[in-house]
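In what follows, a single structure is set out as structure tokens and then discussed.
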Amino acid sequence: MNARHSTDVDALAEVLGDRFGQRLRLDEPLAAHTTLRVGGPADLWLTAATLDELIEAMCIAWQHQVATFVLGSGANLLVSDLGVRGLVVQNRCQGVTLPEGEPTDEASDPPRTVVESGVILPSLAHRLARQGLSGLEWAVGVPGTVGGAVVNNAGAHGSYTADCLVRAELYSQRHSRREWRSVNWFEYGYRSSRLKQSGTRQAGERAEQFVVLQAELALSRKSPAEIENRMAAYTQRRRATQPPGASIGSMFKNPPGDYAGRLIEAADLKGVQIGGAQISPVHANFFVNQAQASASDFVALIELARQTVKARFDVDLELEIERIGDWGNEQPVAHT
Ligand SMILES: Cc1cc2nc3c(=O)[nH]c(=O)nc-3n(C[C@H](O)[C@H](O)[C@H](O)COP(=O)(O)OP(=O)(O)OC[C@H]3O[C@@H](n4cnc5c(N)ncnc54)[C@H](O)[C@@H]3O)c2cc1C
């Protein structure tokens, strides 16, 4: 029992503890599981290694009416300092089914690849390259899981998840069964989908509770060397333009016809620091954790950037990242 936990959470902890033993952790610090290295504790934390475990953990939590959150690599999340109430399930389901046939066997087209949602994108891109499967080269520098990419429509270098996704398998609380949904169902736009929620939310506060299980990708066959060369060029471009260190990629979406980074730089905010959080001197749309920053430091920096850009250029910047967790008395940001 933990005095901070609700009785529902305590009851769930008991059931999950019986089922998963010591793999269930209480009050797990989320800073260790986000690329920004920020975030307070999750009441309950579990790593799912198989799709069955993932579904089972979610269903048990839903039955207990405890909020759930599926975490991929935490590469798009600003988690509050107070942490996340309820259950956070880290997705490490990493099965990959590659098409049959030789790597450059044109006859076996169209090669369809099915990947589980916990597969790490850059590793997948390299693995596909070795097989002579092209279409995911853009993902080589995008940290995160397949599940995160399906939710966010992750993309880079002019390509998007939606371009190579045929369909994805979901498990939703409402339907209580596994269902494949074709790419059109996801209503993809620029870093948006019908699954992605914008703005600040507590775990579990989605219009629909769901988990992404698998994705089927349509790829084309090319020579491994050609694919590797393209990925090497993308990697080089990224290294030249983006800062190293702890970040969550682009903080804001690019407004129509412009770039968030250009606007923040033109507002003279490059290099500005609040607490341990800094607007990168290398790329103004990257906010980096310089020294033990808190989530509140990042919130203050986000607000500074938004208000300054609005005042100088009359442009409303929209968050690309998600703020999640318990923000206490702090008013949620109204704009996203
Ligand atoms: C250095 C750096 C560079 C980046 N560059 C890019 C870039 O070029 N392009 C780009 O698009 N992004 C970029 N990002 C952001 C990030 O890589 C993507 O947003 C990525 O898709 C996040 O995946 P994730 O697995 O980490 O998701 P998380 O951050 O863990 O989660 C994101 C959302 O997806 C949900 N989710 C994740 N998995 C599942 C699942 N299986 N079922 C249901 N919901 C799920 C989570 O609940 C959450 O709502 C960058 C980030 C960093 C740190």
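The values are calculated or read from the model by the stated rules, or taken from the named source; none is laboratory data. All figures in this text were calculated on a predicted structure; none of them were measured in a lab. Positions of Cβ are backbone-derived with ideal geometry, glycine not excepted, and every protein chain shown enters the neighbour counts.
A few comments on the model shown:
Each row is one residue, and each column tells you yes or no for (1) in a helix (DSSP H, G or I); (2) touching a residue at least 60 places away in the same chain (Cβ under 8 Å).
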{"residue": "Val150", "(1), (2)": "yes, yes"}
{"residue": "Ala162", "(1), (2)": "yes, no"}
{"residue": "Ala168", "(1), (2)": "no, no"}
{"residue": "Tyr171", "(1), (2)": "no, yes"}
{"residue": "Ser176", "(1), (2)": "no, yes"}
{"residue": "Trp180", "(1), (2)": "no, no"}
{"residue": "Asn184", "(1), (2)": "yes, no"}
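- Ile248 being hydrophobic (A, V, I, L, M, F, W, C) and in a helix (DSSP H, G or I): no
- Annotation: of all residues in the range 126-148 being away from the ligand (no atom under 12 Å from the Cβ) and not in a loop (DSSP other than H, G, I, E, B), the one that is surrounded by the fewest Cβ atoms within 10 Å (Cβ to Cβ) is Arg130.
- Yes/no for Arg262 being over 20 Å from Arg37 (Cβ atoms), within 14 Å of the ligand (Cβ to nearest atom) and not in a loop (DSSP other than H, G, I, E, B): no
- Among the residues making up the range 243-253, those that are in contact with a Phe, Trp or Tyr (Cβ under 8 Å, 6 or more places away or on another chain) and closer than 26 Å to Asp314 by Cα are Ile248, Gly249, Ser250, Met251, Lys253.
- Enumeration of residues in the range 246-259 that are touching a residue at least 12 places away in the same chain (Cβ under 8 Å) and more than 16 Å from the ligand (Cβ to nearest atom): Pro255, Asp258
- Residue count, the range 60-90 (criterion: within 14 Å of the ligand (Cβ to nearest atom), out of contact with any strand residue (DSSP E or B) (no Cβ under 6 Å at 6 or more places or on another chain) and within 18 Å of His175 (Cα to Cα)): 1
- Residue that is nearest to the chain's Cα centre (by Cα) [pool: residues in the range 23-54 that are farther than 19 Å from Phe287 by Cβ and hydroxyl-bearing (Ser, Thr, Tyr)]: Thr47
- Residue match in the range 37-53 (condition: touching a residue at least 60 places away in the same chain (Cβ under 8 Å), touching a helix residue (DSSP H, G or I) at 6+ places or on another chain (Cβ under 8 Å), of a type in the set (S, T, N, Q) and not assigned by TED's automatic domain parsing to the domain that holds Asn285): no
- Complete set of residues in the range 179-217 that are aliphatic (A, V, I, L, M), under 16 Å from the mean Cα position of the chain (by Cα) and at pLDDT below 95: Leu195, Ala203
- All conditions in (1) more than 14 Å from Lys253 (Cβ to Cβ); (2) not in a helix (DSSP H, G or I) hold for Asp316, with the sole exception of (1).
- When each of Ala32, Ala11, Ala57 is tested for being in contact (Cβ under 8 Å) with a residue 12 or more places away in the chain and either buried (at least 16 other Cβ atoms within 10 Å of the Cβ) or within 16 Å of the ligand (Cβ to nearest atom) (or both), the lone residue that passes is Ala57.
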